[in-house]
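Okay, so here's the structure we're looking at.
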Amino acid sequence: MARYWYRHRYYHRRNNTPKPEELGVLLLMAMFLFIFVPQTRQLFSQIWYIYTFGAAVLLFLVANKVYKQYRLSKAGIDEVDKMSGQDFENFLCSLFSKLGYKVQHTGHTGDLGSDLIIEMGGARIAVQAKRYQENVGPDAVREVNTVIKPRNCTSGWVVTNSHFTEEAKELARANNIILWDREELINNILKSKEQREIPACPKCRAIMVLRTSQYGEFWGCSNYPQCDGTRNFT
């Protein structure tokens with residue numbers, strides 16, 4: 001029975017990696033046989049190391065799953081999944097600002113292939129935001145690639161809460177487009193939570209960016225030079 005269950009549960013799965021709960025069932029079956037079948041206890045005395053290894057693998061998989069769930073919860077990715085496309089763009093504006101980028105939101109003015117323009121260290125990047133439930137295809141890569149030169153950008157990124165198709169990945173590699181999939185987005189959300197809270201401009205209430213002058217670091221308005229609002233960095 002165990003052999004039949006194993007073959008039909010694992011062999012026909014698209015992903016052959018067993019889940020922790022499935023390994024747990026196998027371990028419980030082994031414990032049952034060990035307790036109630038004398039021949040099993042005799043066998044265990046000869047192959048105890050296999051049972052020990054199986055228990056260690058199960059413990060690792062369970063711990064890994066718990067850790068992943070903790071990261072997902074801390075990042076709040078479930079809330080991101082519920083956002084509208086416009087809310088996702090606004091969310092990315094805040095995220096990139098926390099990561100130290102100067103951000104320009106272009107999605108509400110006819111994006112022409114880019115929803116955000118971000119800048120840092122001389123780099124000017126066109127960003128296409130895709131809040132999708134399914135995998136993002138190559139069209140998003142083509143869109144952002146067409147606006148790099150017209151927007152005077154040095155490169156293009158596509159950011160999604162989902163994943164990318166293989167065709168999109170190949171096209172991105174061919175055109176030097178950076179792709180942020182779900183895992184990369186989660187990593188940067190967690191990274192941003194470690195950063196200092198970003199204040200609002202005292203003049204126009206826009207998000208501020210950390211800048212450096214001959215007198216040290218200070219907060220400057222992201223709308224500079226249209227707005228010259230500053231705050232002390234403490």
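The values are calculated or read from the model by the stated rules, or taken from the named source; none is laboratory data. For clarity, every value in this text was computed on a predicted model and none was experimentally measured. So basically every Cβ, Gly included, is an ideal-geometry build from the backbone, and we count neighbours across all protein chains shown.
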Unique residue being over 24 Å from the mean Cα position of the chain (by Cα) and either under 20 Å from Gln86 (Cβ atoms) or at pLDDT below 90 (or both) when the list is Thr160, Thr212: Thr212
Filter result for the condition that a residue is more than 16 Å from Ser94 (Cβ to Cβ) and either in contact with an Asp or Glu (Cβ under 9 Å, 6 or more places away or on another chain) or without any contact (Cβ under 8 Å) to a residue 12 or more places away in the chain (or both), over Glu134, Glu183, Glu167: Glu183
Residue match in the range 196-206 (condition: in a helix (DSSP H, G or I) and either assigned by TED's automatic domain parsing to the domain that holds Phe88 or in contact with a Gly (Cβ under 6 Å, 6 or more places away or on another chain) (or both)): no
Single unsatisfied condition, Asp228 versus (1) touching a residue at least 12 places away in the same chain (Cβ under 8 Å); (2) over 17 Å from Val103 (Cα atoms); (3) loosely packed, with under 13 Cβ neighbours inside 10 Å: (2)
Residue within the range 213-223 that is outside any strand (DSSP E or B), crowded, with 16+ Cβ neighbours inside 10 Å and free of Cβ contacts under 8 Å to residues at least 12 places away in the same chain present: no
Verdict on Ala200 being surrounded by 17 or more Cβ atoms within 10 Å (Cβ to Cβ) and either modelled with pLDDT under 80 or out of contact with any Cys (no Cβ under 8 Å at 6 or more places or on another chain) (or both): no
Every residue from the range 102-149 that is in a loop (DSSP other than H, G, I, E, B) and under 18 Å from the mean Cα position of the chain (by Cα): Arg131, Tyr132, Gln133, Glu134, Asn135, Gly137
Test: Asn176 is at pLDDT below 95, more than 23 Å from Phe91 (Cβ to Cβ), in the same structural domain as Val103 (by TED's automatic domain parsing) and among the polar types (S, T, N, Q): yes
Filter result (in contact with a Phe, Trp or Tyr (Cβ under 8 Å, 6 or more places away or on another chain) and closer than 17 Å to Lys203 by Cβ) within the range 213-232: Phe218, Trp219, Thr230, Arg231, Asn232
